Amino acid sequence: MLLDDQSIAFQLELKDRALGSSAEGITISDPSQPDNPIIYANEGFERLTGYSRADVMGKNCRFLQGRDTESATVDTLREAIRNDRPVVVDLLNYRKDGSKFWNRLSVTPISDASGKTTHFIGVQSDITARKDAEEASRKANERLRIVSQRMKLDLEAAARVQQSLLPSELPQLDGLEIAWAFRPCDELAGDFLNVIPLDERHVALYVVDVSGHGVAASLLSVTIGRLLTSRVSTSSLLVRQHKNEATPRVTAPKDVAKELNRRFPMEEQNGLSFTMLYGVIDLKTLEFRFVSAGHDPVVQLPKDRAPQMVECDGMTIGWAQDIEFEEEVIQLKPGDRIYLYSDGIPEAMNGQNDQFTRASMLDVITANRSNSLQDSVSTLLASVENWCGKRGPIDDVSILAIEATQPT
């Protein structure tokens, strides 16, 4: 059915109203005229740009561009218009008052019956809020990257400090062989161990396990490790020079534990505490005198008998003040071994959350009693790792072993 002139006029008016009331900016340009000028702009364009219709009629839309408009985006836009192709670009434009806004510009060529482009319709949308959010997100991610990199470097530095707590070189001791293994579950560990000659006759051994993981636990472990040195002074924890005494005196294990408990109350350590097994072996008598502060029992492996767990009850360091610690003594003979370890061994879990258990630990130690001390320690660590599977231990693993040998 042919439309009469009145119907055509009404439809044109309806389309014009629709274009005019659109919230988006809409322009129509005429490429048949020099410089492809604007021949139509709606109210949305006026609100968006601040320019009136009278300001923009007969001008090319490039007047919206400014100093910070990206030339590469402008080139993309020009190339599409030159080749009569539709294009969508995000363009930094300027309002009449000089303020910037991000313009999502969609340009569509309109063709006549012969296929010749007669007009371009441009639709402008203000996407400044989205761009600002993207930029804020980009800056936040960059700050996060920088902080993450700094934290990575700090963690690596902290890990190196922790490594310094481990025995760098095992002391060569007449009548005593020493072996150890250590496997942190993360970059920073709460476990640490050491072997420290105190004087010509006495050697200290300890394994410490700080509760929790991460930076706080690591810092506490480093602090404790720095205190547990053999430096002789009036304030030393391990070897103290008393007034009017010519020879420094080795501090009894129970007194070392008591002093640490006094210095590290849990409420002053962000809720952290630590277990410890600390002992001193007399190289002449082969007597090992030790104290346990909430730690797992010592494994004693006599040369010709089954292994046994030697308990030494004591409260975890930091839980309560004014605690007295009791000492236990193991008398070694040549060929006897003892093993100090953290709970990361018996409590190691496999994929079914079954624990490795103390019984399995004793089985491995017993099965390797004829191997060298270091081989037995390495085998125990490997057994735990195999038990845990691909995910590995979820707690730090520490092992410190000694074997009494025949003095030369």
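A single member of Thr229, Thr234, Thr251 is among the β-branched types (Val, Ile, Thr), at pLDDT 80 or above and open to solvent by 20 Å² or more (accessible area, probe 1.4 Å), and it is Thr251. Scanning region 322-336 for residues that are open to solvent by 20 Å² or more (accessible area, probe 1.4 Å), within 14 Å of Val256 (Cα to Cα) and in a loop (DSSP other than H, G, I, E, B) returns Asp322, Ile323, Glu324, Glu326.
Of all strands (runs of 3 or more DSSP E) completely enclosed by region 1-94, which ones contain at least 1 residues that are of a type in the set (D, E, K, R) and at pLDDT 90 or above? By residue number, 87-94.
Looking at this structure, is Leu277 under 22 Å from Ile330 (Cβ atoms), assigned to a helix (DSSP H, G or I) and under 30 Å from the mean Cα position of the chain (by Cα)?
Taking the combined requirement at face value, the residue does not satisfy it.
Against the numbered list (1) at pLDDT 85 or above; (2) within 38 Å of the chain's Cα centre (by Cα); (3) open to solvent by 50 Å² or more (accessible area, probe 1.4 Å), Thr223 comes up short only at (1). Selection of region 153-184 for residues being open to solvent by 30 Å² or more (accessible area, probe 1.4 Å), modelled with pLDDT of 75 or more and closer than 27 Å to Leu272 by Cα yields Leu153, Trp180, Phe182, Arg183, Pro184.
When Ile127, Ile81, Ile121 are checked against the criterion of being within 22 Å of Gly44 (Cα to Cα), open to solvent by 30 Å² or more (accessible area, probe 1.4 Å) and either touching a residue at least 24 places away in the same chain (Cβ under 8 Å) or of a type in the set (Ser, Thr, Tyr) (or both), Ile121 stands alone in meeting it. Contact map, region 256-269: first residue outside any helix (DSSP H, G or I), second residue modelled with pLDDT under 95, Cβ cut-off under 7 Å, separation 6 or more or different chains; pairs are Phe264/Ile317; Phe264/Gly318; Pro265/Gly318; Pro265/Gln321; Gln269/Leu220; Gln269/Gly318. Taking Ala367 as the residue in question, decide whether it is open to solvent by 60 Å² or more (accessible area, probe 1.4 Å), out of contact with any Asp or Glu (no Cβ under 9 Å at 6 or more places or on another chain), of a type in the set (A, V, I, L, M, F, W, C) and modelled with pLDDT of 95 or more. Spelling it out, Ala367 is indeed open to solvent by 60 Å² or more (accessible area, probe 1.4 Å), out of contact with any Asp or Glu (no Cβ under 9 Å at 6 or more places or on another chain), of a type in the set (A, V, I, L, M, F, W, C) and modelled with pLDDT of 95 or more.
The values are calculated or read from the model by the stated rules, or taken from the named source; none is laboratory data. Being a predicted model, the structure only gives us computed values, none of them experimental. Neighbour counts run over all protein chains shown; Cβ positions are idealised from the backbone, glycine included. The accessibility values were calculated without ligands, DNA or RNA, using every heavy atom of the protein model including side chains. Shrake-Rupley method; radii C 1.70, N 1.55, O 1.52, S 1.80 Å.
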